[in-house]
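Note sheet for the following structure.
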Amino acid sequence: MAGVRVLVGTRKGAFVLTADGKRERWEVDGPHFGGWELYHLKGSPVAPDRIWASQSTSWFGQLIQRSDDGGRTWEPVGNEFTYEGVPGTHQWYDGTPHPWEFARVWHLEPSLTDPDSIYAGVEDAALFHSADGGASWQELPGLREHGSGPAWQPGAGGMCLHTILQDPTDPARLFVAISAAGAFRSDDGAKTWKPINRGLQSEGIPDPDAEVGHCVHRIAMHPSNPDVLFMQKHWDVMRSDDGGESWREVSGNLPTDFGFPIDVHAHEPETIYVVPIKSDSEHYPPDGKLRVYRSRTGGDEWEALTEGLPQANCYVNVLRDAMAVDGLDPCGVYFGTTGGQVYASADAGDGWAPIVRDLPAVLSVEVQTLA
Amino acid sequence: MVGEEVGVIRVVLPAHLRTLAQVDGEVRLEVDGAVTTAAVLDALEARYPTLKGTIRDRATGKRRGFVRFFACEEDLSHDPPDAPLPPEVVDGKEPFFVVGAMAGG
């Protein structure tokens, strides 16, 4: 029977949550790497028992762990992330030049076709790739060496490359997003990149519609329609219908358009999900009500999904990598909170129930749909 | 000269690194040549490659900011990496401590 495996990264370890296709009864396995920060875990789409995990602490730095048995056992693989050449400088918070320094891996994106190939998005922002299952990592320097690099600035969480999207119809086409530089696209297998931020308006930067400098929080794509991108920006929910060449705002009737994650229904390319957060200075849901908002029209018109979610005194946040969908029918939707809850909906968001309530703060949630 | 011979150096790792290296208790290392912090860490990383990057920064080779080195009730963290370690460490009478700084949650 089909099932799902939910990979949860937290401030103090990783957890693997499994259920059959009904998604009612869950087994919780963990913590793995207890005491370490797990910014992200993700499995290979072509070899689902192969899972990578980004493990780090401020004390002991960055490790990459790999499992080849679905998360039961793990082995450290390569952890050397060296920028190509002399990395130069980006802007620091005070506007002064600051040398590029590796801090951690924020996001791991396994190849859609090759189980040994995986991308890593890191802080300070750069894109790395491994062709040998994670044993060694090479920077793809065309992104960092895009002429705008010296103007990039860190967001509050650091200057992180947090989103990597692969076009399933064109292996040479990649999208990435960096806080707070913006979104970029490559059409030649990551050799060269162009900023794709036209239409973004960010009032917190000197030129509100500058080519770079936008605090993009997350981008999502439906694999059947890779020219359509959805973006949760610092403020504003945005949509592009031309592969990022231009964007328009689709925040519509959201109670607030600040937030972090955005995701797309597995079977309905125009059904998208966000979690509105009160503001950039108050990182919790408005009115103490935890509400996922769903649009079935690709934006502009949104409905609140509240059944099973706390509707009073809730002041958690949902971070950018902490929402995912499974591939079952009906589509399952999952998200984790900074309060340690992981919520699941087995009916595309109509109703929710916590899988677990008391984990450490959740940094990331990914879902694998198992045959 | 003792420092020119192969000595057995005792190293105490913090809990997270013991878990990572899959060791219990002290690590005993043979160190060729002069026994310095750098030589001890070189030998440690050669024995346990998974510790590369966890004590010294991969790019700079410098001690990570929240890692400290103690021995004989002294903080050696700011000594040059090629400075000789105390004779008690060289003789194996005292361990060399790798410590995670007390900071944060």
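The values are calculated or read from the model by the stated rules, or taken from the named source; none is laboratory data. Keep in mind it's a predicted model, so treat the numbers as computed, not measured. Heads up, the Cβs are rebuilt from the backbone with ideal geometry, glycines too, and the neighbour counts pull from every protein chain shown.
Does residue A:37 fit the bill of being without any contact (Cβ under 8 Å) to a residue 12 or more places away in the chain and surrounded by fewer than 23 Cβ atoms within 10 Å (Cβ to Cβ)? No: the conditions fail for residue A:37.
Scan region A:16-43 for residues that are part of a strand (DSSP E or B), within 20 Å of the chain's Cα centre (by Cα) and either within 14 Å of chain B (Cβ to nearest Cβ) or farther than 19 Å from residue A:103 by Cβ (or both) and the total you get is 6.
No other residue among A:130, A:136 is crowded, with 21+ Cβ neighbours inside 10 Å, under 23 Å from residue A:51 (Cβ atoms) and in contact (Cβ under 8 Å) with a residue 40 or more places away in the chain apart from A:130. Taken over region A:82-119, the residue count meeting the criterion of being closer than 20 Å to residue A:155 by Cβ, of a type in the set (A, V, I, L, M, F, W, C) and within 14 Å of chain B (Cβ to nearest Cβ) is 4. Within region A:292-343, the residues that satisfy the criterion of being charged (D, E, K, R) and either outside any strand (DSSP E or B) or surrounded by 23 or more Cβ atoms within 10 Å (Cβ to Cβ) (or both) are A:296, A:300, A:301, A:307, A:320, A:321, A:326, A:329. I'd like to check something: does region A:274-295 contain any residue that is farther than 22 Å from residue A:366 by Cα and among the hydrophobic types (A, V, I, L, M, F, W, C)? Scanning region A:274-295, I find no residue that is farther than 22 Å from residue A:366 by Cα and among the hydrophobic types (A, V, I, L, M, F, W, C), so the answer is no. Once region A:136-157 is narrowed to residues that are touching a strand residue (DSSP E or B) at 6+ places or on another chain (Cβ under 9 Å) and of a type in the set (Gly, Ala, Ser), the residue that is nearest to the other protein chains (Cβ to nearest Cβ) is A:136.
Might you check whether a residue that is outside any loop (DSSP other than H, G, I, E, B), at pLDDT below 95, crowded, with 19+ Cβ neighbours inside 10 Å and not charged (D, E, K, R) occurs anywhere in region A:170-189? Looking for residues that are outside any loop (DSSP other than H, G, I, E, B), at pLDDT below 95, crowded, with 19+ Cβ neighbours inside 10 Å and not charged (D, E, K, R), one finds at least one in region A:170-189, hence yes.
Applying the criterion of being touching a Phe, Trp or Tyr at 6+ places or on another chain (Cβ under 6 Å) and surrounded by 23 or more Cβ atoms within 10 Å (Cβ to Cβ) to the residues of region A:43-62, the residue that is farthest from residue A:134 (Cα to Cα) is A:55.
Restricting region B:66-105 to residues that are surrounded by 13 or more Cβ atoms within 10 Å (Cβ to Cβ), within 14 Å of chain A (Cβ to nearest Cβ) and of a type in the set (Gly, Ala, Ser), the residue that is farthest from the chain's Cα centre (by Cα) is B:101.
Here residue A:122 meets the list (1) surrounded by fewer than 19 Cβ atoms within 10 Å (Cβ to Cβ); (2) of a type in the set (Val, Ile, Thr); (3) within 14 Å of chain B (Cβ to nearest Cβ) almost entirely, failing just condition (1).
Of everything listed in (1) small (Gly, Ala, Ser); (2) more than 12 Å from chain B (Cβ to nearest Cβ); (3) within 24 Å of residue A:368 (Cβ to Cβ), the single unmet condition for residue A:56 is (2).
Scanning region B:23-55 for residues that are free of Cβ contacts under 8 Å to residues at least 40 places away in the same chain and either within 11 Å of chain A (Cβ to nearest Cβ) or under 18 Å from residue A:57 (Cα atoms) (or both) yields B:48, B:49, B:50, B:51, B:52, B:53, B:54. For region B:1-14, filtered to residues that are at pLDDT 95 or above and farther than 17 Å from residue B:86 by Cβ, the residue that is surrounded by the fewest Cβ atoms within 10 Å (Cβ to Cβ) is B:14.
Among the numbered conditions (1) at pLDDT 95 or above; (2) in contact with an Asp or Glu (Cβ under 8 Å, 6 or more places away or on another chain); (3) within 12 Å of another protein chain (Cβ to nearest Cβ), tell me where residue B:58 comes up short. Of (1) at pLDDT 95 or above; (2) in contact with an Asp or Glu (Cβ under 8 Å, 6 or more places away or on another chain); (3) within 12 Å of another protein chain (Cβ to nearest Cβ), only one is false for residue B:58: (1).
Within region B:6-22, is even one residue β-branched (Val, Ile, Thr), within 14 Å of chain A (Cβ to nearest Cβ) and closer than 28 Å to residue A:32 by Cβ? Yes - at least one qualifying residue is present in region B:6-22.
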